[in-house]
Amino acid sequence: DLNQEKVWLHEERAKMVIKKLQKENINGQYVPSLQEALTAILGMIPPGVVVARGDSITMEQIGIITELEKRNQNRIIDPLKINAEGFYVNAEWEQRRRIAREVFSADIYLVGTNAITLDGKLVNIDGWGNRVSALIFGPEKVIVVVGVNKIVKDVNEALERIHQFAAPINAKRHYLKHHREEFADLPCVRTGRCIDCSHAARICRYTVIIEGVASWEKGRINVVLVGEALGI
């Protein structure tokens, strides 16, 4: 059983990341488990504030939106909300786009990240741009939740991870579980490999590397590192 050793390694790596984040005016904290992550995030969301969310498997695994709905003290903006069958609740593209724009006026934005480097950079690639743009600007406070499996050495390793692992799985997820038929012929969906395609439904269009925030926005971005493998 190497669980104790893995826990130690995860925490040490997380400490390295957090130290770098804090130098760049980004708050960071480490929690060992999903339950502790849920408690920490709920503690950062006061009653009455408007909460928006980005598309994130990590958030689903933690169950934060479900808990906020149970608490019933916050309005939740979710442009990509799905029903039990995996279809978008807001079926029309214009509806989703309108709600996505409302995200920028939220008090708190909940989101994951595709990768985080040991020197504290958040690396993300979007197909639509709504997630990465809200990370950068708009909501007053951003809470980024990330499993230790997404800690990588540097930006190059982060980009490789996204293109060759996260993006193919994410595209396949949208095709299989959310009925996005336009993704069926994506090269990464067919082969599991990124070929830097020019497909109309390509999900890798907007690459954002956050290296820090300005001093006057210190603490706007808050990273919660969880000592478990989460998300894609």
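The values are calculated or read from the model by the stated rules, or taken from the named source; none is laboratory data. Keep in mind the model is a prediction, meaning the values are calculated, not measured. No Cβ is skipped: glycine too gets one built from the backbone with ideal geometry, and neighbour counts run over all protein chains shown. Ligands, DNA and RNA are stripped out before the accessible areas are found, and what is left, the full protein with its side chains, is counted by its heavy atoms. Shrake-Rupley method; radii C 1.70, N 1.55, O 1.52, S 1.80 Å.
Of note:
- Remark: the stretch 1-114 carries a charge dipole of roughly 400 debye about the Cα centre, counting +1 on each Lys and Arg Cβ and -1 on each Asp and Glu Cβ.
- Principal axis dimensions, largest first and in whole angstrom, of the stretch 104-232 by Cα: 45, 33, 25
- With all protein chains in place and a 1.4 Å probe, the accessible surface of the stretch 1-116 carries 50 percent carbon and sulfur.
- Unit charges at the beta carbon, dipole of the stretch 1-51: most positive-side option, Met44, Leu2, Pro32: Met44
- Long-range HN-HN contacts of Arg202 with modeled amide H, under 5 Å: none
- Length gained on full extension, Glu69 to Ile57: 2.6 nm, using 0.36 nm per residue less the C-alpha separation.
- Derived value for the stretch 87-173: Kirkwood hydrodynamic radius 14.2 Å. Basis is the mean of 1/r over every pair of different alpha-carbon atoms.
- Residue of Asn124, Asn25, Asn114 that the Gaussian network model of the chain assigns the largest fluctuation, springs spanning Cα pairs under 10 Å: Asn25
- For the chain, built as a Gaussian network whose Cα springs stay under 10 Å, the top-fluctuating residue of Gly219, Gly48, Gly63: Gly48
- Here the Karplus relation 6.51 cos²θ - 1.76 cosθ + 1.60, evaluated at θ = phi - 60°, turns the backbone of the stretch 13-22 into coupling constants of 5, 5, 4, 4, 5, 4, 4, 5, 4, 5 Hz, with x for every Gly and Pro.
- The chain, helix-only ellipticity at 222 nm - DSSP H runs n ≥ 4, -39,500 (n - 2.57), divided by all residues, nearest 500: -10500 deg cm²/dmol
- log10 of Debye I(q)/I(0), alpha-carbon scatterers only, for the chain at 0.07, 0.11, 0.14, 0.17 Å⁻¹: -0.22, -0.55, -0.92, -1.36
- Taking Val189, Val123, Val142 as the candidate residues, the one with maximal mean-square fluctuation in a Gaussian network model of the chain, Cα springs under 10 Å, is Val189.
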